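Novice: Below: one structure in structure tokens.
The values are calculated or read from the model by the stated rules, or taken from the named source; none is laboratory data. Nothing here was measured: the structure is a model prediction, and the numbers come from that model. No Cβ is skipped: glycine too gets one built from the backbone with ideal geometry, and neighbour counts run over all protein chains shown. Calculation scope for accessible area: heavy atoms of the full protein, side chains included, ligands and nucleic acids excluded. Shrake-Rupley method; radii C 1.70, N 1.55, O 1.52, S 1.80 Å.
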Amino acid sequence: MKPRIGLAALLSACAIGAVSTAWAAPPADKTGPQPMDSKALEAKFDAQIDPAEMGAWLKLLAAEPNHVGSVHDKTNAEWIAAQLKSWGWDAKIETFDVLYPTPISEALELVSGPGAPFKAMLTEPPIPGDAPTYTKDALPAYVDYQGDGDVTAPLVYANYGLPDDYLALERMGISVKGKIVITRYGASFRGIKPLLAQMHGAAGSIIYSDPKDDGYATGDVYPKGPARPPQSFQRGSVGDLPVAPGDPLTPGYGSTKGAKRIDRKDAVTILKIPCLPISYADALVLLASLNGPVAPAAWQGSLPITYHVGTSGTGGAQVHIAVKSDWSQKTLYDVIGTLKGSEEPNDWIVRGNHHDGWVMGASDPLAGQIALLAEAKAFGGLMKSGWKPKRTIVYTSWDGEEALLLGSTEWAETHADELKAKGVIYINSDSNGRGFLRAEGSHAFQHFVNQLAADVKDPETGVSVGERLRARLEVRGTEPGASLEARAAARIAADPTKDLPIAAMGSGSDYSAFLEHLGLPALDFGYGGESDGNGVYHSLYDDYQHHATFVDPGFVYDATLAKTVGRAVMRLADTDLPLQRYGDFADTVSGYLDEVKKLADTTRDTASTQAKLLGSHAYELAADPTKPLKPPAPLAASPPMDFGALDAAVAKLKASSAAFDTALAAKGESLSKAQRARLDTVIRPLEQSLLRPEGLPGRPWYRQMIYAPGRFTGYGAKTLPGVREAIEERRFDDAQKYVVVTARAVTTYAGELDKATTIVNGG
């Protein structure tokens with residue numbers, strides 16, 4: 001679901017050397033199969049990963065359209081389940097009945113203005129050189145959970161359709177009320193664009209892919225190169241993901257047969273206005289028809305026109321948009337495979353990737369799916385040679401991720417009590433490509449991820465994937481014009497004693513329900529940065545040929561993903577002691593608190609400065625009289641904030657984390673089996689301490705107080721979200737309230753760590 005753009009996280013190679021014996025298997029009965037040491041076991045695992053076989057799987061799985069409700073989506077699920085069974089897994093398919101709209105009819109026309117009449121092409125044609133292109137059953141231009149409608153209205157261009165863009169339109173004297181808004185993809189989750197248009201009174205929404213972002217301005221277009229061709233468009237979901245993923249009719253509980261369903265008109269994650277995605281070939285005609293003010297320089301894309309925003313009145317270009325959908329329930333097919341743990345069967349290591357796509361879905365998601373399959377087959381081979389995981393391993397292939405994280409959310413909500421009691425961690429992957437390791441997730445596992453990065457070989461250079469990433473970060477930080485962030489990352493990368501930080505999780509893939517609703521720690525892995533799969537993201541052309549030619553030739557990074565995640569699963573399944581280092585989490589949260597404090601100061605200074613400028617009429621005096629701009633609306637004054645509760649909570653967290661890490665390093669190896677079992681009962685549910693029952697303001701499904709998707713970013717993470725977003729949106733009462741709410745969560749977490757330290761110290 002989430003596009004992979006650049007490096008979303010940093011990893012390191014600093015944890016070089018043998019993996020701690022804390023997770024190595026103890027000697028077994030010499031009359032039975034003899035265990036291998038950890039390095040030998042991982043080498044045997046790696047030897048079973050076959051890139052050519054993975055390529056054959058990709059060709060099979062990406063042979064036809066895989067959206068929810070398609071024939072091939074179910075066929076793939078059944079094939080995946082059969083493969084798992086053949087490799088020794090206890091595998092089954094769990095089904096859910098969900099609201100999933102599909103198009104009945106749609107139209108988009110320019111009815112007046114330069115270029116009219118014009119009818120948009122809402123299907124993607126086969127391209128010579130892309131053979132074969134399977135168009136039967138492919139969905140046309142469509143975004144699900146939009147609001148059906150039939151509207152004719154003036155057109156307005158609003159750049160990326162973000163809050164600041166609407167403030168800019170307001171200063172230009174342009175209202176979108178009653179109009180149809182056209183915005184370009186990028187800078188946020190697509191659902192934010194029609195949502196904000198709706199919130200500003202628009203009657204309809206159009207989203208297009210500008211060639212500046214993923215078309216010919218980025219490179220040769222497909223099939224000559226990887227970039228988006230002119231008639232290609234990006235399908236997707238526009239359901240209100242930052243409010244809640246999952247079936248809109250069963251909020252917070254599983255969409256099983258017989259489940260209570262709310263009325264569709266009451267579903268808060270379904271939009272009210274019609275919305276369609278279009279290609280940049282069609283967008284060119286619509287945008288060229290606009291008059292009114294010239295769009296700001298930052299709004300100018302790469303189409304061969306001068307971009308205008310449209311008019312403030314009823315004149316100008318008129319557009320007709322019509323969407324009619326089939327709002328029936330469809331069946332999801334989640335594949336669940338299990339290897340039962342030999343010692344701790346009630347501790348679950350859950351690993352997932354989705355198998356549904358918007359069309360063929362070769363890079364997104366099937367590149368990650370074939371990695372999951374390669375891991376599962378290799379684990380089956382290890383089982384045949386006598387290895388058994390100590391903890392239960394659960395492999396999941398989700399359906400309906402592209403729609404609104406449906407399969408993972410419904411499964412997690414259905415099994416919520418069991419997951420809270422047994423879940424150790426959720427490990428995710430999604431799309432994948434050639435290049436550099438990317439990881440994000442729970443920061444207590446940051447050092448663990450660095451250890452993995454040190455022990456996986458990069459297929460292009462022969463060094464570890466962590467060492468290669470470290471080199472890239474150092475080089476980036478010295479390039480002309482490097483950002484402050486790039487220079488800071490380079491300084492960390494240059495210090496071999498430091499782990500590089502992993503990124504925080506927002507949303508856009510299947511980890512959301514586990515981390516942000518149920519309170520399981522989570523990690524998400526992928527490779528990229530040297531290939532461009534985003535150029536055909538969610539299009540007909542994300543097929544086997546594109547992936548094999550441009551995204552991961554030879555499938556070597558898909559195989560490297562399998563080796564990376566396979567190691568993570570194996571180490572977590574077999575460890576005798578926690579692999580977390582809680583000081584990393586404490587330092588990260590402390591850094592987030594520093595950021596929020598600076599944000600509060602900046603917000604206060606911004607309001608004060610703006611008030612002075614308004615009072616002196618500086619905006620009017622500075623404006624170009626030929627391009628009149630209204631002064632901005634006055635900002636609410638920012639009151640002083642009391643961060644005392646969070647300061648105390650973070651100080652307590654740092655002390656508790658240091659005490660636990662020190663105690664475990666000194667005494668962990670000497671703990672008895674009974675002590676380790678007691679320790680597990682405290683550590684396993686620890687992340688649930690960061691949940692608060694009231695959830696975040698206006699979106700109670702998200703209960704995690706450290707990580708959440710941004711309300712108006714959707715994919716991008718907001719850390720300490722209850723406080724940070726309230727300050728950003730100038731909801732200062734909420735901000736002060738969530739200082740206290742978040743402090744309670746952090747303090748509870750620290751208190752549970754203290755209990756774990758007492759156990760390690762013999763108490």
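Novice: Compute the projected area of the convex hull of the Cα atoms of segment 351-415, averaged over all viewing directions, and report it in nm² to one decimal place.
Specialist: Numbers: hull surface 19.9 nm².
Hull-based average projected area comes out at 5.0 nm².
Novice: Still on this structure: Leaving out ligands, DNA and RNA but keeping every protein chain, what accessible area does residue 603 have, in Å² rounded to the nearest 10, with a 1.4 Å probe?
Specialist: Roughly 10 Å² of residue 603 is accessible to a 1.4 Å probe.
Novice: Kindly sort 216, 395 by accessible area of their heavy atoms, largest first, with the probe set to 1.4 Å. Please report the intermediate quantities before stating the final value.
Specialist: Values: 216 100, 395 0 Å².
Largest accessible area first, the residues go 216, 395.
Novice: No solvent, one uniform scatterer per C-alpha: report log10 I(q)/I(0) for segment 671-723 via the Debye equation at q = 0.24 1/Å, two decimals.
Specialist: After summing over all Cα pairs, the log10 values are -0.85.
Novice: I've got another one for you. Taking K and R as +1 and D and E as -1, what net charge do the other residues with C-beta under 9 Å from the C-beta of residue 402 add up to? Numbers along the way, then the final one.
Specialist: Values: positive: 235; negative: 144, 356, 364, 401.
Spelling it out: positives minus negatives among the neighbours equals -3.
Novice: Given a cut-off of 21 Å, name the pairs among 136/193; 598/737; 673/755; 212/272; 2/272 whose C-alpha atoms lie farther apart than that in the structure shown.
Specialist: Going by Cα-Cα distance, 136/193; 212/272; 2/272 fall outside the 21 Å limit.
Novice: Remind me, what semi-axes does segment 207-337 give for its equivalent ellipsoid, largest first in whole Å, using sqrt of 5 times each Cα gyration tensor eigenvalue? The partial results should precede the final answer.
Specialist: Details: eigenvalues 265, 95, 32 Å².
Working from the Cα gyration tensor, I get semi-axes of 36, 22, 13 Å.
Novice: For the pair residue 733/residue 224, report the inter-label distance in nm, with labels modelled 7 Å from Cα in the Cβ direction.
Specialist: Each label point is offset 7 Å from its Cα along the Cβ direction, giving 6.0 nm.
Novice: Ok, one more. Using a 10 Å cut-off on Cβ atoms, rank the peptides 316-327, 277-288, 361-372 from the highest mean neighbour count down.
Specialist: Numbers: 316-327: 19.9, 277-288: 22.7, 361-372: 30.5.
Top of the packing list down: 361-372, 277-288, 316-327.
Novice: Additional query: Say each of residue 418 and residue 264 gets a label point 7 Å from the Cα, pointing the same way as Cα to Cβ; how far apart are those two points in nm?
Specialist: My value for the distance between the label points is 3.2 nm.
Novice: Assuming R0 = 30 Å, can you tell me the calculated FRET efficiency for the pair residue 758 and residue 491, based on Cβ-Cβ distance, to the nearest 0.05? Spell out each step's value before the answer.
Specialist: On the way: r = 38 Å, r/R0 = 1.26.
After rounding, the FRET efficiency stands at 0.20.
Novice: What number, rounded to the nearest 500 deg cm²/dmol, is the helix-based mean residue ellipticity at 222 nm of the chain, given -39500 (n - 2.57) per DSSP H run of at least four residues and division by all its residues?
Specialist: Numbers: 21 runs with 269 residues, N = 763.
Counting only the DSSP helices, I get -11000 deg cm²/dmol.
Novice: Moving on. Scale the Cα Rg of segment 379-461 by the rule-of-thumb value 2.2 N^0.38 Å and send over the ratio, two decimals.
Specialist: On the way: Rg = 16.1 Å, N = 83, 2.2 N^0.38 = 11.8 Å.
Ratio of Cα Rg to 2.2 N^0.38 Å: 1.36.
Novice: Also: With the convex hull built on the Cα atoms of segment 617-660, state its orientation-averaged projected area in nm².
Specialist: Working: hull surface 24.5 nm².
In nm², the orientation-averaged hull projection of segment 617-660 is 6.1.
Novice: What's the local net charge at residue 171, with K and R +1, D and E -1, over the other residues with C-beta under 14 Å away? Walk me through the numbers on the way to the answer.
Specialist: Working: positive: 627, 630; negative: 164, 165, 170, 620, 624.
Net charge in that neighbourhood comes out at -3.
Novice: Something else about it: Accessible surface of residue 199 in the full protein assembly, 1.4 angstrom probe, to the nearest 10 Å²?
Specialist: The accessible area comes out at roughly 110 Å².
Novice: Separate question: Could you give the spread of the C-alpha atoms of segment 452-564 along their three principal axes, from largest to smallest, in whole angstroms?
Specialist: That works out to 42, 39, 31 Å along the principal axes.
Novice: Considering the zone a paramagnetic label at residue 606 would reach in this model (a point 7 Å from Cα along the Cα-to-Cβ line), which residues of segment 168-187 have amide N under 17 Å from it?
Specialist: 168-171
Novice: Report the antiparallel proportion of the DSSP beta bridges in the chain as a percent, rounded to a multiple of 5. Show your work: numbers first, answer last.
Specialist: Details: 46 of 79 bridges.
The antiparallel proportion sits near 60 percent.
Novice: Something else about it: Take the Cα gyration tensor of segment 624-763, multiply each eigenvalue by 5, square-root it, and list the three semi-axes largest first, rounded to whole angstrom.
Specialist: 42, 15, 13
Novice: Pop out the carbon and sulfur fraction of the accessible area of segment 229-367 as a percent, whole number, probe 1.4 Å.
Specialist: The C+S portion of the solvent-accessible surface of segment 229-367 is 55 percent.
Novice: What Kirkwood hydrodynamic radius do you get for segment 588-702 when you take the inverse of the mean 1/r over all pairs of distinct Cα atoms, in Å? Mind dumping the intermediate values first?
Specialist: Values: mean 1/r = 0.0514 Å⁻¹.
Over segment 588-702, the inverse of the mean reciprocal pair distance is 19.5 Å.
Novice: Let me ask something else about it. Calculate, for segment 53-211, the solvent-accessible area per residue in square angstrom, rolling a 1.4 angstrom probe over the heavy atoms of the protein chains. Provide the component values of the computation, followed by the final result.
Specialist: On the way: 5670 Å² over 159 residues.
About 36 Å² of surface per residue is accessible.
Novice: Further, regarding this structure: Just subtract the alpha-carbon distance of residue 329 and residue 47 from 0.36 nm times their residue separation and send over the number in nm, one decimal. Intermediate results must be reported in sequence, preceding the final value.
Specialist: Working: separation 282, 0.36 × 282 = 101.52 nm, distance 4.36 nm.
Full extension of this stretch gives 97.2 nm more.
Novice: When Lys and Arg each count +1 and Asp and Glu each count -1, what net charge do the other residues less than 9 Å away from residue 207, Cβ to Cβ, add up to?
Specialist: Details: positive: 184, 190, 193; negative: none.
So the environment of residue 207 carries a net charge of +3.
Novice: Counting only Cα, what are the radius of gyration and maximum Cα-Cα distance Dmax of segment 211-251, in Å?
Specialist: For segment 211-251, the Cα-based Rg and Dmax read 16.0, 45 Å.
Novice: Could you list, bin by bin from short to long, the percent of Cα-Cα pairs of segment 415-493 in 5 Å steps?
Specialist: The calculated distribution, bin by bin, is 3, 12, 17, 19, 19, 13, 6, 6, 4, 1, 0.
Novice: Keeping all protein chains in position, work out how much accessible area residue 123 exposes to a 1.4 Å probe, and write it in Å² to the nearest 10.
Specialist: 80
Novice: Taking loop as defined by DSSP and a crowding limit of 13 other beta carbons within 10 Å, which chymotrypsin sites (Phe, Trp or Tyr not before Pro) in segment 102-198 fit?
Specialist: Details: sites: 118, 134, 142, 145, 157, 160, 166, 185, 189; in loops: 134, 142, 145, 160, 185, 189.
Taking segment 102-198 and a limit of 13 other Cβ atoms within 10 Å, no loop chymotrypsin sites (Phe, Trp or Tyr not before Pro) are found.
Novice: Using label points projected 7 Å from each Cα along Cα→Cβ, tell me how many nm separate residue 478 and residue 314, to one decimal.
Specialist: For residue 478 paired with residue 314, the spin-label model returns 6.5 nm.
Novice: How big is the Cα convex hull of segment 142-270 in projection, averaged over all directions, in nm²? Kindly include the intermediate steps, with their values, before the conclusion.
Specialist: Details: hull surface 40.2 nm².
The directionally averaged projection comes out at 10.1 nm².
Novice: Considering just Cα atoms, how many Å³ per residue does the convex hull of segment 354-503 enclose?
Specialist: Numbers: hull volume 26.1 nm³, N = 150.
Normalising the Cα hull of segment 354-503 by residue number yields 174 Å³.
Novice: Let me ask you something else. Please state, to two decimals, what the Cα-based radius of gyration of segment 56-157 comes to when divided by 2.2 N^0.38 Å (N = residues). Walk me through the intermediate numbers first.
Specialist: On the way: Rg = 19.6 Å, N = 102, 2.2 N^0.38 = 12.8 Å.
The value comes to 1.54.
Novice: In vacuo Debye scattering of the chain, one point per C-alpha: log10 I(q)/I(0) at q = 0.05, 0.10, 0.11 Å⁻¹?
Specialist: -0.25, -1.04, -1.26
Novice: Length gain on complete extension for the stretch residue 637 to residue 457, per 0.36 nm per residue less the alpha carbon to alpha carbon distance? Walk me through the numbers on the way to the answer.
Specialist: Values: separation 180, 0.36 × 180 = 64.80 nm, distance 5.37 nm.
That works out to 59.4 nm of additional length.
Novice: Further, regarding this structure: Would you mind checking the radius of gyration and Dmax of segment 690-763 based on alpha-carbon positions, in Å?
Specialist: 14.5, 49
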